[in-house]
Amino acid sequence: NAGVTQTPKFRVLKTGQSMTLLCAQDMNHEYMYWYRQDPGMGLRLIHYSVGEGTTAKGEVPDGYNVSRLKKQNFLLGLESAAPSQTSVYFCASSYGGRRELSNNEQFFGPGTRLTVL
Amino acid sequence: SQQGEEDPQALSIQEGENATMNCSYKTSINNLQWYRQNSGRGLVHLILIRSNEREKHSGRLRVTLDTSKKSSSLLITASRAADTASYFCATVSWGKFQFGAGTQVVVTP
């Protein structure tokens, strides 16, 4: 099993450009998450999904969009990148399913380091 | 806002010593989890302690939870250079995860 994979690993954008980050998991997990990690801030939840075709806003959703067309994939889009979106982005997944299983551990991808100039 | 807050922010110890870090939180939880992050990598789950548990062990890790004080501690015994990493607590409440800012641990040989 590859677990959770993210592409690309690194990316440099100019202000106003757009891009999509791809997250894939092969563990048949229901729940998927996108976080950003900034120095001294820990992880902050951007968007999440509790199943194929569903998405929901997290703590810092502005400037990002997501889609979950297939259970194994969760895409994070930046329509018009801004320097404030310079960060390391992590995707995670968890088993989910029944509500009581939504508290299970999360499995993280290796991250995407994004710089917006 | 962050639910879990770790203390200290940074910790430097020598191999063989124990490392202790704490996590405080504000609202009720279903469980609390600890994760490790090596430099440039994703987070890796270490241990989960449920709200009705007080102590849990896994190898050289010992986690305690005091729900009355809304705090948890992670103890790494007999530390090794490979334990050098950042450690995060995550409070979990009905599927909602909130991570703290982490404790950076450096273990020198």
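Tabulated values for the structure
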quantity	calculated
Across A:Lys9/A:Lys70; A:Lys9/B:Lys56; A:Lys70/B:Lys96, pairs whose alpha-carbon gap is larger than 25 Å	A:Lys9/B:Lys56
Whole-number accessible area per residue in Å² for the protein assembly as shown, which is evaluated in the context of all protein chains at 1.4 Å	49 Å²
Interface size A-B, as summed buried accessible area [1.4 Å probe, Å², nearest 100]	1600 Å²
Largest-first ordering by accessible area, 1.4 Å probe, given options B:His57, A:His47	B:His57, A:His47
Sparse-neighbour loop sites [trypsin sites (Lys or Arg not before Pro); the range A:21-74; at most 16 other C-beta within 10 Å; DSSP]	A:Lys70, A:Lys71
Accessible carbon and sulfur surface of the range B:5-108 relative to its total accessible area, %, 1.4 Å	43 percent
Cβ neighbours within 10 Å from other chains - mean over B:91-104	5
Qualifying GluC sites (Glu not before Pro) for the range A:21-117 [loop in DSSP, other Cβ within 10 Å: at most 16]	A:Glu52, A:Glu59, A:Glu79
Cut-off under 5 Å, modelled amide H: who pairs with A:Gly3 long-range	A:Asp26
HN-Hα J in Hz across the range A:81-89 - Karplus 6.51, -1.76, 1.60, θ = phi - 60°, x for Gly and Pro	5, 10, x, 5, 8, 5, 5, 9, 9
Phi to ³J(HN,Hα) by Karplus 6.51 cos²θ - 1.76 cosθ + 1.60 over the range A:107-115, Hz, x for Gly, Pro	10, 9, x, x, x, 10, 8, 10, 10
Sites matching trypsin sites (Lys or Arg not before Pro) across the range B:67-109 that sit in DSSP coil, with at most 10 neighbouring C-beta atoms within 10 Å	B:Lys69
Mean-position separation - Cα centroids, the range B:1-74 and the range A:24-75, in angstrom	24 Å
Solution diffusion estimate, µm²/s, Stokes-Einstein, the range A:4-116, Kirkwood Rh from C-alpha pairs, 37 °C, viscosity 0.692 mPa s	235 µm²/s
With every protein chain in place, the range A:52-117: carbon and sulfur % of accessible area (1.4 Å)	51 percent
Heavy-atom accessible area, 1.4 Å probe, ligands and nucleic acids excluded: residues of the range B:25-58 down by at least 10 Å² from chain alone	B:Asn30, B:Asn31, B:Gln33, B:Tyr35, B:Gln37, B:Gly40, B:Arg41, B:Gly42, B:Leu43, B:His45, B:Leu48
With eigenvalues of the C-alpha gyration tensor scaled by 5 and rooted, the protein assembly as shown, Å	29, 21, 16
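The values are calculated or read from the model by the stated rules, or taken from the named source; none is laboratory data. Small disclaimer: the values here were computed from a predicted structure and weren't measured. Every residue, glycine as well, gets a Cβ built from its backbone with ideal geometry; the counts of neighbours run over all protein chains shown. Just so you know, the surface numbers come from the protein's heavy atoms only, side chains and all, with ligands and any DNA or RNA stripped out. Shrake-Rupley method; radii C 1.70, N 1.55, O 1.52, S 1.80 Å.
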